[in-house]
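Any read-out appearing in this document is the output of simple, stated calculations on the displayed coordinates, not a laboratory observation. Bear in mind the structure is a predicted one, so any value in this text is a computation, not a measurement. Because the Cβ atoms are built from the backbone with ideal geometry, glycine has one as well, and the counts that use them run over all protein chains shown.
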Amino acid sequence: MTLEESIHAHSVTTPDKTAVICGDSSITYSRLWESIVGRAAALQAEGLEPDRPYVYRASQDIDFVITYCAVHYAKAIAVPLEHKASEESFRAVKAEVESCTFSDDIVDILYTTGTTGKSKGVMLSETALVSCADNFICDLHFSPDLLFIISGPLNHIASLFKMHPVLTVGGTVCILDGLKDMNAFFDVFSLPYSKVATFLVPASIRLLLQFSYDRLCSVADKVDFIETGAAPITSHDMELLSKALPHSRLYNTLGGTEIGAVCTYDFNDGKYMEGCIGRPMKNSTVEVTPEGNIIVSGLTVMSGYVADEESTRKVLKNGKIYSADLGYVDEAGLIHLKGRQGDVINVGGFKVDPVEVENAASSFAAVEDCICIADTHPVVGTVLKLLVVTKDDAELDRQALARHLKSRLDPHKVPLYYEKVSSVMRTYNGKLDRKYYRKQN
Amino acid sequence: MRQHILSLLSDALPTVDFSSDFLFSELDSLSIVNILMILSDEYGIKLDSSDVTPRNFKSIDSLVSLVESKLNR
């Protein structure tokens with residue numbers, strides 16, 4: 001059953017139950033269904049046709065849920081972009097998807113970081129979405145009495161793909177605008193729900209442990225489970241979180257836009273195995289080659305990249321995704337991650353291609369040369385740093401450069417740190433020497 | 001104190017417009033963490049998540065007031 005069919009079914013069986021909460025607003029299943037049908041009709045009246053893409057900025061509210069489901073109900077393809085996506089990237093995506101034709105099984109296109117300095121549109125079928133939700137429902141035990149907090153951006157798989165299982169089983173989604181208002185996060189626990197769950201990237205878990213440990217302990221009885229993923233969580237933080245929430249399930253999941261959610265491990269087991277992602281979920285198969293490459297297959301994998309057959313062929317072969325993740329299987333059959341191939345930098349669960357940042361920085365008049373590297377923040381872990389060689393050795397106006405980047409890039413791609421350098425390291429053939437900087441970090 | 005805090009925060013977070021009276025809406029969680037860390041370290045005060053309110057983070061002046069209130073305790 002699709003997400004929209006499930007919402008329709010709940011609108012009949014539990015019409016007055018709250019489906020989504022956001023701030024002071026909420027919507028029941030019956031009102032949600034009415035709104036989806038009404039919005040679909042409005043979009044069709046505006047010219048939206050079946051199997052055609054609908055590109056929009058993902059607002060962090062109930063309206064997002066209505067639009068997303070309405071696009072599906074109209075048999076069209078949802079293409080939600082970052083809420084603060086620049087006009088430039090919005091126009092580029094719109095032009096790209098509108099120039100393509102799509103098969104009738106594609107329902108979502110999610111833009112993710114590519115390896116060429118340009119985002120890639122990941123095409124997902126209805127089967128992939130339904131199977132991914134089924135993986136979560138079966139392996140993480142989503143239930144109808146659950147209140148699930150979504151604090152990450154709704155165009156990102158880690159958030160969007162949690163909305164599916166919650167609403168499929170008839171639970172309640174609570175949408176927050178990030179974790180910056182931690183009081184709002186803890187206020188959710190005073191709502192009349194006995195089971196609360198959420199997904200938090202490791203950086204957000206670190207934030208809670210650092211600034212809200214006592215408050216986290218005080219709501220422990222209500223926490224059904226917390227899932228993390230998208231970036232490595234340390235054994236130390238696994239242990240601290242387990243101590244704060246001794247009776248909760250605490251999952252570390254392997255997921256990605258191209259593969260869906262495929263493996264998970266409950267680390268509240270006294271072992272706190274860093275890098276462990278457990279065993280494959282119901283609809284997924286995970287293989288690790290003798291060389292350590294992780295290959296994923298099953299019902300949750302993508303259909304391909306938009307307008308990029310070459311990249312699709314490199315990654316997707318015979319229904320199997322050859323991921324950039326490296327790992328191994330231990331004696332107990334548990335899968336462990338041990339790194340990632342390539343130059344992509346993982347910032348709080350968002351994958352950033354440094355080339356995209358460097359291209360944007362190079363368009364700033366005072367930049368002679370630059371390289372975007374990973375640096376370590378004392379609380380949140382990996383952040384971006386831009387090393388800049390200025391023209392004529394002029395002073396670096398960090399604020400002007402940062403604002404230039406902010407106007408051209410999604411917010412998570414704008415470096416936090418900037419440093420003026422006399423030169424950037426290059427290899428013998430003139431390419432940026434990223435390995436040198438990785439070793440330094 | 002206002003000028004010093006403004007200088008410290010502007011230096012650490014170059015994309016943030018600290019002249020805004022809607023500062024909280026401009027910040028993301030990473031910016032909030034940085035502000036908490038910088039003010040805690042600089043003034044030897046204890047700040048935690050309960051201090052992160054839209055009122056305390058409304059503007060540079062409200063952040064200065066937050067620091068002053070912590071120092072006076």
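In deg cm²/dmol and to the nearest 500, what is the mean residue ellipticity at 222 nm of chain A if only DSSP H runs of at least 4 residues count, each as -39500 (n - 2.57), divided by the residue total? Each step should come with its number before you reach the end.
On the way: 14 runs with 143 residues, N = 441.
Result for chain A, helices only: -9500 deg cm²/dmol.
Each label point was placed 7 Å from the Cα along the Cα-to-Cβ direction; for A:Ser235 and A:Asp63 their separation is 4.8 nm.
Per-residue Karplus couplings for segment A:152-160, computed as 6.51 cos²θ - 1.76 cosθ + 1.60 with θ equal to phi - 60°, are listed in order as x, x, 6, 8, 8, 3, 4, 8, 4 Hz, Gly and Pro entered as x.
Counting 0.36 nm for each residue step from A:Asp433 to A:Lys271 and taking away their Cα separation leaves a gain of 54.5 nm. Look at the stretch B:45-58: the mean tally of other chain Cβ atoms within 10 Å of its residues' Cβ atoms is 4.
Please give the average number of partner chain Cβ atoms lying within 10 Å of the Cβ of each residue in B:17-26, rounded to a whole number.
Numbers: counts 2, 0, 0, 0, 0, 0, 0, 2, 2, 0.
Mean partner shielding for this stretch: 1.
Taking every Cα-Cα distance in the protein assembly as shown and sorting them into 20 Å bins starting at zero, the pair-distance distribution P(r) comes out as 22, 57, 21, 0 percent.
The protection proxy used here, the mean number of other Cβ atoms lying within 10 Å of each residue, ranks peptides A:323-330, A:428-435, A:99-106, A:130-137 as follows, highest first: A:130-137, A:323-330, A:99-106, A:428-435. Along the Cα-to-Cβ line of A:Asp24, 7 Å from the Cα, sits a label point; which residues in segment A:173-211 have backbone N less than 16 Å from it? Answer for segment A:173-211: A:184. Computed from backbone phi, the HN-Hα couplings of segment A:138-148 come to 6, 8, 9, 6, 5, 10, x, 8, 8, 9, 10 Hz, rounded to whole numbers (Karplus: 6.51 cos²θ - 1.76 cosθ + 1.60, θ = phi - 60°; Gly and Pro given as x).
Just rank A:Val421, A:Val286, fewest to most, by other beta-carbon atoms within 10 angstrom.
Details: A:Val421 15, A:Val286 24.
Placing the least packed residue first, the sequence is A:Val421, A:Val286.
Counting only alpha carbon atoms, the long axis of helix B:60-71 and the longest principal axis of chain B meet at about 20°.
For B:Ser20 and A:Lys317, what is the calculated FRET efficiency with R₀ set at 45 Å and r taken between the beta-carbons, to the nearest 0.05?
Numbers: r = 50 Å, r/R0 = 1.12.
Once the sixth-power term is evaluated, E becomes 0.35.
Of the listed peptides A:70-77, A:53-60, A:34-41, what is their order by residue-averaged count of other C-beta atoms within 10 Å, with the highest listed first?
The packing order, highest mean first, is A:70-77, A:53-60, A:34-41.
What shape does segment A:342-440 take by its C-alpha gyration tensor, where a ≥ b ≥ c are the square roots of the eigenvalues and a/c under 1.5 counts as rounded, a/b above b/c as prolate, and the rest as oblate?
Working: a/c = 1.58, a/b = 1.12, b/c = 1.42.
Oblate, because a/c is 1.5 or more while a/b does not exceed b/c.
Bridge orientation summary for chain A: considering DSSP beta bridges with both residues in this region, about 65 percent are antiparallel. Distant-in-sequence amide contacts of A:His377, defined by a placed amide H-H separation under 5 Å and a gap of 5 or more residues or a different chain, comprise A:Thr382, A:Val383.
In peptide A:298-306, what is the residue-averaged number of other protein chain Cβ atoms found within 10 Å of each Cβ?
Values: counts 0, 0, 0, 0, 0, 0, 0, 0, 0.
What the average comes to for A:298-306 is 0.
Extension gain, A:Asp104-A:Ser363: 0.36 nm per intervening residue step, less the Cα-Cα distance, totals 89.3 nm.
A Förster radius of 30 Å combined with the Cβ-Cβ distance from A:Met425 to A:Val379 puts the calculated FRET efficiency at roughly 0.60. When Rg and the Kirkwood radius Rh are both evaluated on Cα atoms of segment A:1-114, their ratio Rg/Rh stands at 0.99. Rg and Dmax, both from the Cα atoms of segment A:69-197 and both in Å, are 16.5, 48.
Once you order the gyration tensor axes a ≥ b ≥ c over the Cα atoms, which shape class does chain B get: rounded for a/c under 1.5, otherwise prolate or oblate by comparing a/b with b/c? Here chain B falls in the rounded category. Against chain A, whose longest principal axis is taken from its Cα atoms, helix A:29-45 shows a tilt of about 60°. Distance between the pseudo-spin-label points of A:Lys243 and A:Glu126 (7 Å out from Cα toward the beta carbon): 5.0 nm. The gain in end-to-end length when the A:Ala394 to A:Glu49 segment is fully stretched comes to 118.9 nm, 0.36 nm per residue minus the alpha carbon separation. Rounded to the nearest 10 degrees, what's the angle between the helix A:235-244 long axis and the longest principal axis of chain A, both from Cα atoms, 0 to 90? Its long axis makes an angle of about 30 degrees.
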